[in-house]
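A quick write-up on the structure given underneath.
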Amino acid sequence: MCRDAGCDIMEVGCPMIYSFGHRATAYLRDVLGPGYPLAVDYKAQDHVYTHFLEAHRFGADYATVCCYNNEGGFKEALRAKEDTGIKVIADLFATPAEQLPALARHCEDSGADIVLLHFGAEENMYGCWPGRRDSDYVREVAPVLNRCPLWVVSNEPEDVERSIKDGADGILFGFALADNSLESYKKTKAFVDMTAELSKKYYKPQTL
């Protein structure tokens, strides 16, 4: 459904991993077929090398590692990348706001392939960061990245527009994916189409 709606990449989310283990990656790879980008959202912090090896073995192209207070795990993700070719998504989950730009730059300089701004449902639910949204700080983080695309978790149209306007390269969402009904497909396609139009609206060609 997501592929047909125009999504550029598919993610094996944490709930799928917790419920089905690495088989979830194999299931999605089988459904999507070869060549369609597939990411595994481990939010890995321990035994990272093993998790990334398994992601690669079951057909994933990317896997996520939480990078805040986890330099060893991040280095293990990079080691797995060197050994297998699997790409590294550097998740800035739970990073204090004032440290976001420096950590994002560190991740890029060290060899990450994507940097992800992501604060977490529970942190938002309990107001751990009062007034903070996933689209916040794109303006601060995007300018420090020279090579890595910056992805942002944005499930609301206002946040999507704000993220893209401020320099995000990719939008990660999942609000419409409760089932594979026609209604979910319509919501997903509308969200993807809206994101594509906003990307065109705010596209800024690079100048030499």
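The values are calculated or read from the model by the stated rules, or taken from the named source; none is laboratory data. All values reported here derive from a predicted model rather than from experimental measurement. Heads up, the Cβs are rebuilt from the backbone with ideal geometry, glycines too, and the neighbour counts pull from every protein chain shown. With ligands, DNA and RNA removed, areas are computed over all heavy atoms of the protein, side chains included. Shrake-Rupley method; radii C 1.70, N 1.55, O 1.52, S 1.80 Å.
Quick notes
- Counting the residues of the range 17-29 that are assigned to a helix (DSSP H, G or I) and in contact (Cβ under 8 Å) with a residue 12 or more places away in the chain gives 7.
- The set of residues in the range 117-127 that are open to solvent by 30 Å² or more (accessible area, probe 1.4 Å) and part of a loop (DSSP other than H, G, I, E, B) comprises TYR126, GLY127.
- Residue pairs meeting the criteria (Cβ under 6 Å; at least 6 apart or on separate chains; first under 16 Å from VAL115 (Cβ atoms), in the range 161-177; second aromatic (Phe, Trp, Tyr)): ILE164/TYR202; GLY170/TRP151; LEU172/TRP151
- Under the condition of being modelled with pLDDT of 85 or more and either part of a loop (DSSP other than H, G, I, E, B) or open to solvent by 70 Å² or more (accessible area, probe 1.4 Å) (or both), the residues counted in the range 133-148 number 10.
- Meets criteria (charged (D, E, K, R) and part of a loop (DSSP other than H, G, I, E, B)) for ASP41: no
- Number of the condition not met by ALA39 [criteria: (1) open to solvent by 30 Å² or more (accessible area, probe 1.4 Å); (2) touching a strand residue (DSSP E or B) at 6+ places or on another chain (Cβ under 6 Å); (3) touching a residue at least 40 places away in the same chain (Cβ under 8 Å)]: (1)
- Residues that are closer than 25 Å to VAL152 by Cβ and open to solvent by less than 30 Å² (accessible area, probe 1.4 Å) were ranked within the range 17-27; the one that is farthest from the chain's Cα centre (by Cα) is ALA24.
- Taking the range 51-87 as the range and being more than 16 Å from VAL12 (Cβ to Cβ) and of a type in the set (S, T, N, Q) as the test, the residues that pass are ASN69, ASN70, THR84.
- Among the residues of the range 51-106, those identified as under 17 Å from GLY170 (Cα atoms) and free of Cβ contacts under 8 Å to residues at least 60 places away in the same chain are ASP61, TYR62, ALA63, THR64, LYS87, VAL88, ALA90, ASP91, LEU92, PHE93, ALA104.
- When TRP151 is tested against (1) crowded, with 20+ Cβ neighbours inside 10 Å; (2) assigned to a loop (DSSP other than H, G, I, E, B); (3) in contact (Cβ under 8 Å) with a residue 60 or more places away in the chain, just one condition goes unmet, and that condition is (2).
- All positions within the range 65-95 that are assigned to a loop (DSSP other than H, G, I, E, B), touching a helix residue (DSSP H, G or I) at 6+ places or on another chain (Cβ under 7 Å) and within 21 Å of HIS22 (Cβ to Cβ): ILE86
- Positions within the range 172-188 being open to solvent by 40 Å² or more (accessible area, probe 1.4 Å) and either touching a Lys or Arg at 6+ places or on another chain (Cβ under 6 Å) or farther than 20 Å from LEU28 by Cα (or both), in sequence order: GLU183, LYS186, LYS187
- The test for being buried (at least 17 other Cβ atoms within 10 Å of the Cβ), at pLDDT 95 or above and out of contact with any Leu (no Cβ under 6 Å at 6 or more places or on another chain) does not hold for ASP159.
Let's see how each residue does on (1) assigned to a helix (DSSP H, G or I); (2) among the aromatic types (Phe, Trp, Tyr); (3) modelled with pLDDT of 95 or more; (4) within 24 Å of GLY167 (Cβ to Cβ):
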residue: ALA63; (1), (2), (3), (4): no, no, yes, no
residue: LEU103; (1), (2), (3), (4): yes, no, yes, yes
residue: VAL115; (1), (2), (3), (4): no, no, yes, yes
residue: GLY131; (1), (2), (3), (4): no, no, no, yes
